[in-house]
């Protein structure tokens, strides 16, 4: 970053009452859906995270870090502790991003941007849930600030961001894939910037420290709950579900099960009645559970996955590409936010008994209609994502390194999330909704710069005025 950029971005390090007020407003905005609901929102996965801090028992398809984070609820004797802490953490990341990328009036820009995101994106619906999706976009934004702040952050603020990046990354295994991929992109960007590309050269020390700390938090949390040190649980069952959904598992089984003398997967007996979707297979299919469920089917799933990769590599690649594009288009808010008393009510009743009346009378238990919200938010968010491409072209043409850097890395993060969640897991609207708000923020950050005259234009205007005088 040039000396001019340093002067442009530098701001006082100490907090002021107005800064604290702005942060408070942002936190409330991000927790607004839960406040309107009358209780923190719950997804199907939430029951495990509610129970983990009390039982220290981790299901095979979960990781422990967010369960440890949910200790904030146990310590506060209320799940509101989880919602407000994660809303505050995300608001702080957004505030630091505004201070760095929108420096003329960062507090005002932060409140306006937080309001825009609260009204027109799924961000507050993620931060209002007991779910690690609250941190997906925030870890990307925290990484951007740490990589490009170039000494403008005070030490406490820098390490606060490192802590948020480490904790947020550790809460979900998909975050490791996204942040790890972006670190590789930052290395490539450093190479390109050194060769004259209009991109900022990143500083990777604090980002690397946060990533290593995230690994330690994730492995340590898993060890704390299971007595075993590992990063993630076996996920072959999830991939097998995708192959069932794509029809590749059926093709492979039809080929293998009919040939004499070959290894016959136990799933051969069910190949003619495989369900149509991955969710149906791994959650509701009787044959899946008959074969041992998540634990018992792992070895067989590995064999089938490797067989499909060997026999149908192009089909597998094409299916992954289609799933990625399918995931990119799925940005609806409210995925899975259905009445949950039958699913999580017992966990609230046992662990947060005093809150049972509030939970039982929450809007979610009566059913929330997201039709109007999605009629507004879906086209707006998709339009903002598509607008990243011409905005990036404009930034590169103007050789605006700050804007180009923000736009290209957010684009890579959004697309990378779609690949990790769509092609490697299973497309769901909540996966893309949790990160799509970054496109809106990136356009706001870059737009405030791109709408100003370029350096060349300002120079031409100064010369014209000089000649006139």
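Since every read-out is calculated from the coordinates, none of them should be taken as a lab result. Because the structure is a prediction, the values reported are computed rather than measured. Cβ coordinates were reconstructed from backbone atoms using ideal geometry, including for glycine residues, and neighbour counts include every protein chain displayed.
For this structure, a couple of remarks:
- Highest mean packing comes first when the peptides 406-419, 338-351 are listed by Cβ atoms within 10 Å, giving 406-419, 338-351.
- A simple packing score, the average count of other Cβ atoms within 10 Å per residue, orders the peptides 242-253, 223-234 as 242-253, 223-234, with the highest score first.
- Cα extents of segment 236-311 along the three principal axes, largest first (Å): 31, 22, 20
- Peptide ranges 384-395, 132-143 listed from the most packed, as the mean C-beta count within 10 angstrom indicates: 132-143, 384-395
- Value of [θ]222 nm, deg cm²/dmol, for the chain, DSSP H segments ≥ 4, -39500 (n - 2.57) each, nearest 500: -21500 deg cm²/dmol
- Base-10 log of normalised Debye intensity for the chain (one unit scatterer per alpha-carbon) at q = 0.08, 0.09, 0.14 Å⁻¹: -0.51, -0.64, -1.41
- Segment 323-399 - percent relative contact order, Cα under 8 Å, separation 6 or more: 38 percent
- Three-way shape call for segment 141-242 based on the alpha-carbon gyration tensor, with the a/c threshold at 1.5: oblate
- Axis angle, to the nearest 10 degrees, between helix 155-170 and the longest C-alpha principal axis of the chain: 20 degrees.
- Relative contact order %, the chain, counting alpha carbon pairs below 8 Å whose residues are six or more apart: 20 percent
- Segment 236-311: relative contact order in percent, alpha carbon pairs under 8 Å with at least 6 residues between: 44 percent
- Seen from every direction in turn and averaged, the convex hull around the alpha carbons of segment 34-131 projects onto 7.2 nm².
- Between 0 and 90°, nearest 10: helix 106-120 axis offset from the chain longest Cα axis: 40 degrees
- Stokes-Einstein translational diffusion, segment 346-441 - Kirkwood Rh over all Cα pairs, 1.306 mPa s, 10 °C, in µm²/s: 97 µm²/s
- Estimated from the Cβ-Cβ distance and a Förster radius of 25 angstrom, the FRET efficiency linking residue 371 and residue 277 is about 0.65.
- Potential extension, residue 399-residue 24 segment - 0.36 nm per residue separation minus Cα distance: 131.4 nm
- Segment 413-441 and segment 176-230 have Cα centres lying 18 Å from one another.
- Axis angle, to the nearest 10 degrees, between helix 401-418 and the longest C-alpha principal axis of the chain: 10 degrees.
- Between segment 107-134 and segment 253-293, the Cα center-to-center distance that results, in Å: 42 Å
- Extension gain (nm, one decimal) between residue 383 and residue 44, 0.36 nm per residue minus Cα-Cα: 119.1 nm
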